[in-house]
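Just so it is clear, none of the values below were taken in a lab; they were calculated from the coordinates. All figures in this text were calculated on a predicted structure; none of them were measured in a lab. In this analysis, Cβ positions are derived from the backbone assuming ideal geometry, glycine residues included, and neighbour counts consider all displayed protein chains.
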Amino acid sequence: MNDILQNLVILQDLDEMISELNNDEIITQQEEMGFEINGLEKLIEAREELIKRIPLEIFNHYNRVRSRYGRAIAPVRENICLGCFIKIPTQISSREMGNQVLRNCENCGRYLYWV
Amino acid sequence: MLLEQFLNFFDSDLFIEDFTSHTKKDIIKEIANLLETTKKIFKAEIIIDLLEKREQLGTTAIGKGIAIPHCRSMAAKELTVIVGLKPEGVDFDAPDHHPIKIVFVIIAPPQDVNYLPFLGKLVELLRDETTRKRLLRVKSFKGFKKVITEFLTNE
Ligand SMILES: [Zn+2]
């Protein structure tokens, strides 16, 4: 798997986790179920470390797409970008092949991840 | 969440009768590797990284021998549940300091609607003392499913 893509997927999951922590309703739900939530600073530190492993221009693109659509990486299934539901023109026959290279959807610009 | 729907999330291919690992860190790896070999996820490392980060946020051990590591990840195709047993127990930084004997791992794609209802139902079931004690003694998927089914049908 492409290293940058792997880091981008982790970054997006982490960003979602961090934004959930700013949602009081979600925190309350978790606490009511018996889970401790107290390490937000550690997650923010982990994010800083992760960003260092992503080239700046890619990180900037990630932020631009994220502010436009909420998420900057779209899952792909059956060669369809699940961000905008457009078929990917390149012939890709496996998840291995799809995730070997960092690709953008030609239509919406999201980075593509074959799930 | 309907009984049958809840039960269907448990899969014998995703049931570990006895973890080979002896630490929390290695157990997370063992789970992620099983998710990769069963093709539930493309790459184990993504889930390892994320579950470790989730633990940094606060332990997912809820005490009394049970831990429920859970997170949403775009690496997940669908809501996926792994159950693993560790009869000898493993330290999971539980608030009551009890070693963990059953681990439930739940991963779901970002917008999966069943994620919270499933988690809520599972927590409810584990709060029932009789069910919890019986679960801590199960040895196989068959025995596990029997206990869960009985709780749900007697509810
Ligand atoms: Zn697209």
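Once divided by 2.2 N^0.38 Å, the Cα radius of gyration of chain A becomes 1.19. Express in % the proportion of alpha carbon pairs of the stretch B:26-85 at distances exceeding 17 Å. Pairs farther apart than 17 Å: 34 percent.
About the centre of its Cα atoms, chain A shows a dipole size close to 860 debye [charges on the beta carbon of Lys, Arg (+1) and Asp, Glu (-1) only; nearest 20 debye]. Dipole size of the stretch B:1-58 about its Cα centre, with +1 on Lys/Arg Cβ and -1 on Asp/Glu Cβ: approximately 260 debye, rounded to the nearest 20. An ellipsoid equivalent to the protein assembly as shown, defined through the eigenvalues of its Cα gyration tensor, has semi-axes of 33, 20, 17 Å when rounded to whole angstrom and sorted largest first.
Convex hull volume per residue, computed on the Cα atoms of the stretch B:3-153, equals 99 Å³.
Shown here is the pair-distance distribution of the stretch B:75-155: with all Cα-Cα distances grouped in 5 Å bins from zero up to the longest one, the shares run 3, 13, 21, 25, 20, 14, 5, 0 percent. Phi-derived couplings, Karplus 6.51 cos²θ - 1.76 cosθ + 1.60 at θ = phi - 60°, listed residue by residue for the stretch B:75-88: 6, 8, 6, 7, 4, 10, 10, 10, 10, x, 10, 9, x, 7 Hz, with x used for Gly and Pro. With helices as the sole contributors, chain B gives -13500 deg cm²/dmol at 222 nm; each DSSP H run of n ≥ 4 counts as -39500 (n - 2.57), and the sum is divided by every residue. Efficiency by 1/(1 + (r/R0)^6): what FRET value for B:Thr153 and A:Ser94, r their Cβ-Cβ distance, R0 = 45 Å, to the nearest 0.05? Approximately 0.60, to the nearest 0.05. Once you reduce the stretch B:125-145 and the stretch A:31-64 to the center of their Cα atoms, the two points are 36 Å from each other.
Checking every one of the GluC sites (Glu not before Pro) in the stretch B:59-134 against DSSP loop status and a limit of 12 other Cβ atoms within 10 Å picks out B:Glu78.
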